[in-house]
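Heads up: the structure comes next, in structure tokens.
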Amino acid sequence: MSGPLTPSQTVGPFFGVGLPFERGEQLAPPESAGAMRIEGQVLDGKGEPVPDALLEIWQPATGFGRARTDSEGAFSFTTVKPGPVSAPGGRMQAPHFNVTVFARGLLRHLVTRMYFPDETQANAADPVLNLVEPARRETLIAKQCGGVLHFDVRLQGEQETVFFAI
Amino acid sequence: MSEREPPYLYPDYVGTRLRAPAQPLVNLPDGFHDFPAPLFPRTIAQVDHDLTRQHAGEPIGERIIVTGRVLDSDGRPLRKTVVEVWQANAAGRYLDQDDQHPAPLDPNFTGAGRCLTDNDGHYRFITIKPGAYPWKNHRNAWRPAHIHFSLFGSEFRSRLVTQMYFPGDPLMPRDPILQSIPDQAGRDRLVSRFDPETTVPEWALAYRWDIVLRGRAATPFENEP
Ligand SMILES: [Fe+2]
């Protein structure tokens with residue numbers, strides 16, 4: 001029998017005083033071996049930047065990161081790439097980060113995943129990507145832009161990011 | 001279950017209109033979201049639970065104790081779990097450069113706190129009662145007094161960010177953020193109760209508020225939107 005869960009409420013616009021913390025966006029020091037930078041933007045249904053969003057990325061092997069968006073809706077993380085992860089039932093999942101999105105205007109947080117562009121084979125076999133209609137899968141795969149991985153989060157509309165029920 | 005989470009799209013809360021996903025959320029089979037919650041990398045000092053002792057002087061306002069238990073849906077206490085809070089000051093102003101409310105900042109109040117629950121799942125903060133504040137959602141829109149809470153719980157799927165309200169606040173029925181929760185029982189779960197037993201004579205009123213997070217045996221909600 002389940003107890004009565006406490007409902008969610010929006011993080012609001014003023015979480016800056018409480019949630020972001022120094023070097024929260026660094027899962028690995030920028031100078032460390034294998035460190036990579038992830039950059040992206042959070043965009044709304046009109047393609048406008050969302051300047052009051054907070055992202056958390058989490059993978060048990062690499063740790064936890066938290067970063068807010070700036071006035072351009074931009075965020076960044078520094079991390080090392082996680083390895084493949086076992087899935088329920090013994091299959092393997094391609095390397096990925098779990099990404100949680102909070103923002104003013106989100107009454108509940110959103111959960112998505114960021115996969116890596118250099119894992120074509122593993123991505124093709126990934127049990128979660130395979131649950132997503134093929135045309136929308138690319139919203140979950142970061143793009144290599146020079147030395148940086150680019151991953152945008154589109155909350156609504158054109159090329160809307162795939163979000164998962166939780 | 002009669003309780004429901006708020007929907008993503010709730011047009012009365014204008015901020016949802018361009019931010020709620022239009023596509024249905026994708027369901028994952030059982031087991032994909034029940035890996036352990038993150039280990040919180042931020043240090044938590046003993047003093048972090050007392051928002052009235054972070055500066056040279058004491059903040060202006062009504063000193064209060066806010067306490068309760070963090071439980072999972074089977075009633076098990078969550079031990080040593082992180083609770084983060086943030087709030088406006090007694091005048092209804094946040095220490096945030098984007099807060100344009102013409103009310104005074106308090107040099108002795110930051111408005112952020114953290115603590116770990118004890119072995120019975122208790123958390124405890126000392127703070128001042130936050131003021132109501134206006135927002136531009138609709139004409140004459142005011143948020144009821146509230147404290148923002150953030151918790152991790154035991155698993156990835158336990159994560160919760162929410163707001164705690166105060167009993168009897170006349171702004172609650174007019175607040176689209178609270179009213180986005182579809183049923184009264186659900187809304188009531190966000191309202192603390194005055195706790196005369198925990199109130200410290202000659203010092204501070206106490207409010208009690210328990211938080212229930214999704215645990216291992218929780219029934220998943222139906223998909224929304
Ligand atoms: Fe607030």
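Since every read-out is calculated from the coordinates, none of them should be taken as a lab result. This one's a predicted model, so the numbers in the text were calculated from it and none came from an experiment. Cβ: placed from backbone, ideal geometry, glycine included. Neighbour counts: every protein chain shown.
Around the Cα centre of the stretch B:1-148, unit charges on the Cβ atoms of Lys, Arg, Asp and Glu (plus for the first two, minus for the last two) sum to a dipole of about 300 debye. For the stretch A:1-36, the residues whose amide N sits under 17 Å from a probe point set 7 Å from the Cα of A:ALA74 along the beta carbon direction are A:25-26. Can you give the local net charge around A:ALA125? Use residues other than it whose beta-carbon is closer than 14 angstrom to its beta-carbon, Lys and Arg +1, Asp and Glu -1. Its environment carries a net charge of 0. Each residue of the stretch A:13-28 was assigned a 3J(HN,Hα) from its phi angle through the Karplus expression (A = 6.51, B = -1.76, C = 1.60, θ = phi - 60°), giving x, 10, 6, x, 6, x, 9, x, 9, 4, 6, x, 8, 9, 7, 9 Hz with x at Gly and Pro.
Using the Cβ-Cβ distance between B:TRP203 and B:VAL14 with R0 = 41 Å, the FRET efficiency computed as 1/(1 + (r/R0)^6) comes to roughly 0.50.
If each Cα of the stretch A:25-166 is one equal point scatterer, what is log10 of I(q)/I(0) from the Debye formula at q = 0.13, 0.14, 0.18 Å⁻¹? Each listed q maps to, in turn, -0.54, -0.63, -1.07. In the calculated pair-distance distribution of the stretch A:82-123, the portion above 16 angstrom amounts to 49 percent of the Cα-Cα pairs. Taken over the protein assembly as shown, the convex hull of the Cα atoms encloses 145 Å³ per residue. Taking amide hydrogens as placed 1.01 Å from N in the peptide plane, the amide H of B:VAL191 sits under 5 Å from those of B:TYR165, each at least 5 positions away in sequence or on another chain.
Each listed q (0.12, 0.22, 0.27 Å⁻¹) maps to a log10 I(q)/I(0) for the stretch B:51-114, found by the Debye formula over equal Cα scatterers with no solvent: -0.42, -0.92, -1.20. Annotation: Cα Rg of chain B relative to the compact-globule expectation 2.2 N^0.38 Å equals 1.05. Diffusion of the stretch A:1-77 by Stokes-Einstein, at 4 °C in a medium of 1.567 mPa s and with Rh set to the Kirkwood radius over alpha-carbon pairs, works out to 90 µm²/s.
Each Lys and Arg Cβ is given +1 and each Asp and Glu Cβ -1; about its Cα centre, the protein assembly as shown then shows a dipole of about 180 debye. Near B:ARG193: Cβ cut-off under 12 Å, other residues only, Lys/Arg at +1 and Asp/Glu at -1. The net charge is -2.
Averaged over peptide B:163-174, the number of partner chain Cβ atoms lying within 10 Å of each residue's Cβ comes to 1. For the pair B:HIS122 and B:ARG53, a Förster radius of 30 Å applied to the C-beta separation gives a FRET efficiency near 0.95, rounded to the nearest 0.05. Taking amide H positions as modeled 1.01 Å from N, with prolines and chain starts lacking one, the residues under 5 Å from A:PHE163 and 5 or more places away or on another chain are B:VAL26. Each residue of the stretch B:131-142 is assigned a 3J(HN,Hα), and the resulting list reads x, 5, 9, x, 9, 9, 4, 7, 4, 6, 7, 10 Hz, derived from the Karplus form 6.51 cos²θ - 1.76 cosθ + 1.60 (θ = phi - 60°), x at Gly and Pro. For the stretch A:87-154, taking the reciprocal of the average inverse distance between every pair of different Cα atoms yields a Kirkwood hydrodynamic radius of 13.2 Å. Counting only Cα atoms, the stretch B:12-76 measures 51, 36, 26 Å along its principal axes, largest extent leading.
Of the residues A:ASN130, B:THR117, B:PHE40, the one whose Cα sits farthest toward the positive end of the charge dipole of the protein assembly as shown, with +1 on the Cβ of Lys and Arg and -1 on the Cβ of Asp and Glu, is B:THR117. Shape summary: the stretch B:71-204 maps onto an equivalent ellipsoid whose semi-axes, from the alpha-carbon gyration tensor, are 26, 19, 16 Å in decreasing order.
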